[in-house]
Amino acid sequence: ATTCLDSNIASNAKLNANQWGALASWALTVGCSSVEKSTLVARLSNGDDPNKVAKEELPTYSKDDGNEVLALKRRRNAEVMLFQTPASEAAFPNCPYD
């Protein structure tokens, strides 16, 4: 999941450890092909505010065949919360966890 994120997010995006962890969780469940096509990654790469992007984009990945899945909704909400939790450790670019 992190290799896919590394390959698809432009290096001008700056993410802390919590933001990176939330994205890794998301990428693991949606798969690399969805990451590559996502407006979430495109917006981060374009320099949009990361916290705004996460709040708006992550919840859109809580459906399966057009139906909302409660477990996915909970997971996306947890990822948004983690993403928006401040952290002093930088993780992207040059993620120390890869």
Item to complete: Just need the relative contact order of the chain here, percent rounded to a whole number, with Cα pairs under 8 Å and 6+ apart.
Response: 44
Discussion item. I'd like to check one number: the per residue accessible area of the chain, probe 1.4 Å, reported in Å² as a whole number.
Written reply: 56
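What's the carbon and sulfur percent of the chain's accessible surface, probe 1.4 angstrom, rounded to a whole number? Don't jump to the answer; show the numbers that get you there.
Values: 2720 of 5460 Å².
Reported share for carbon and sulfur atoms: 50 percent.
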Item to complete: State the Cα centre-to-centre distance between the stretch 36-51 and the stretch 1-20 in whole Å.
Response: 10
Worksheet item: Once both labels are modelled 7 Å past Cα along the beta-carbon direction, what's the Asn46-Cys32 spacing in nm?
Response: 2.5
Item to complete: Kindly write out, for the stretch 78-92 in residue order, the coupling ³J(HN,Hα) from the Karplus curve 6.51 cos²θ - 1.76 cosθ + 1.60 (θ = phi - 60°), rounded to whole Hz, with x marking Gly and Pro.
Response: 5, 5, 4, 4, 4, 4, 8, 7, x, 8, 7, 7, 6, 10, 8
Worksheet item: So, how do all the Cα-to-Cα distances of the stretch 33-89 break down into 10 Å bins, in percent, from 0 on up?
Response: 23, 50, 25, 2
Worksheet item: Taking the Cα-to-Cβ direction at Glu56 and at Asp6 and moving 7 Å from each Cα, how far apart do the two end points lie in nm?
Response: 2.9
Practice prompt. Enumerate the residues in the stretch 1-45 having an amide nitrogen under 19 Å from the point lying 7 Å beyond the Cα of Asp64 toward its Cβ.
Written response: 25-35
Response to the item:
Where a ≥ b ≥ c are root eigenvalues of the Cα gyration tensor, a/c under 1.5 meaning rounded, otherwise prolate if a/b exceeds b/c and oblate otherwise, the stretch 7-52 counts as oblate
Discussion item. With viscosity set to 1.306 mPa s at 10 °C, what whole-number translational diffusion coefficient in µm²/s follows for the chain from Stokes-Einstein and a Kirkwood radius over Cα pairs?
Written reply: 120
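The values are calculated or read from the model by the stated rules, or taken from the named source; none is laboratory data. Because the structure is predicted, anything quoted here is derived from the model rather than measured. Please note: Cβ atoms are built from the backbone with ideal geometry, for glycine as well, and neighbour counts cover all protein chains shown. In case anyone asks, the SASA skips ligands and DNA or RNA and just uses the protein heavy atoms, side chains included. Shrake-Rupley method; radii C 1.70, N 1.55, O 1.52, S 1.80 Å.
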